[in-house]
1. What's the number of the condition VAL115 fails, among (1) surrounded by fewer than 16 Cβ atoms within 10 Å (Cβ to Cβ); (2) assigned to a helix (DSSP H, G or I); (3) at pLDDT below 95?
2. Assess whether ALA47 counts as being surrounded by 13 or more Cβ atoms within 10 Å (Cβ to Cβ), modelled with pLDDT of 95 or more and in contact with an Asp or Glu (Cβ under 7 Å, 6 or more places away or on another chain).
3. Could you go through the range 55-78 and let me know if any residue there is within 17 Å of ILE6 (Cα to Cα), surrounded by 14 or more Cβ atoms within 10 Å (Cβ to Cβ) and more than 12 Å from the chain's Cα centre (by Cα).
4. Any residue at all in the range 2-22 that is of a type in the set (Phe, Trp, Tyr), surrounded by 12 or more Cβ atoms within 10 Å (Cβ to Cβ) and assigned to a loop (DSSP other than H, G, I, E, B)?
5. With respect to ASP37, is the statement that it is in a loop (DSSP other than H, G, I, E, B), closer than 14 Å to HIS8 by Cβ and free of Cβ contacts under 8 Å to residues at least 12 places away in the same chain true?
6. Looking only at the range 1-39, how many residues end up being more than 19 Å from ARG111 (Cβ to Cβ) and touching a helix residue (DSSP H, G or I) at 6+ places or on another chain (Cβ under 9 Å)?
Amino acid sequence: MSGWVIWHKPTCSTSRFVLGALREAGIEPEVRDYAADPPSEAELRAALAQLGIGARDLLRRKEPLYRELGLADATLDEAALIAAMARYPLLIERPVVFSPGGAVLCRPKERVFEVVLRPAAAGGASPPGPPEDI
């Protein structure tokens, strides 16, 4: 295993772009279809810690469930938001890339280059840079 993991949704164009960018950089990550294999609450807490963000920042606000479940309510705490994402994984913003050198929520998609371009000593590859057509 390379130490690289992507929380991926195959039908998402941003997620496909990020996976393709990793592969073009010579990185073959473990691909986790997080909708089919949802992360547990513990995995979500660990991911949030690696990302350095709060649960609300990982919520996919465009997802209809976000409104249906009333997740915009500012009184909801981290535990409630994490529980919602664990139960309804489509609420998780995507894609998330984990590498030996750190993690990044790839929104916008070009953020993948933050992790890909890290020095090799930190677990990143050393590709020439982002494609010209971005």
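The values are calculated or read from the model by the stated rules, or taken from the named source; none is laboratory data. Just so it is clear, the model here is predicted, and its values are computed rather than measured. Using ideal geometry, Cβ is built from the backbone for each residue, glycine included, and neighbour counts are taken over all protein chains shown.
1. (1)
2. So ALA47 fails the test.
3. There is no residue in the range 55-78 that is within 17 Å of ILE6 (Cα to Cα), surrounded by 14 or more Cβ atoms within 10 Å (Cβ to Cβ) and more than 12 Å from the chain's Cα centre (by Cα).
4. Within the range 2-22, one or more residues are of a type in the set (Phe, Trp, Tyr), surrounded by 12 or more Cβ atoms within 10 Å (Cβ to Cβ) and assigned to a loop (DSSP other than H, G, I, E, B).
5. Here the answer is yes, as ASP37 does meet what is asked.
6. 7
Per-residue answers, yes or no, for (1) touching a Cys at 6+ places or on another chain (Cβ under 7 Å); (2) modelled with pLDDT of 95 or more; (3) surrounded by 15 or more Cβ atoms within 10 Å (Cβ to Cβ):
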position	(1), (2), (3)
ALA86	no, yes, yes
SER99	no, no, yes
VAL104	no, yes, yes
PRO119	no, no, no
GLY124	no, no, yes
PRO128	no, no, no
ILE134	no, no, no
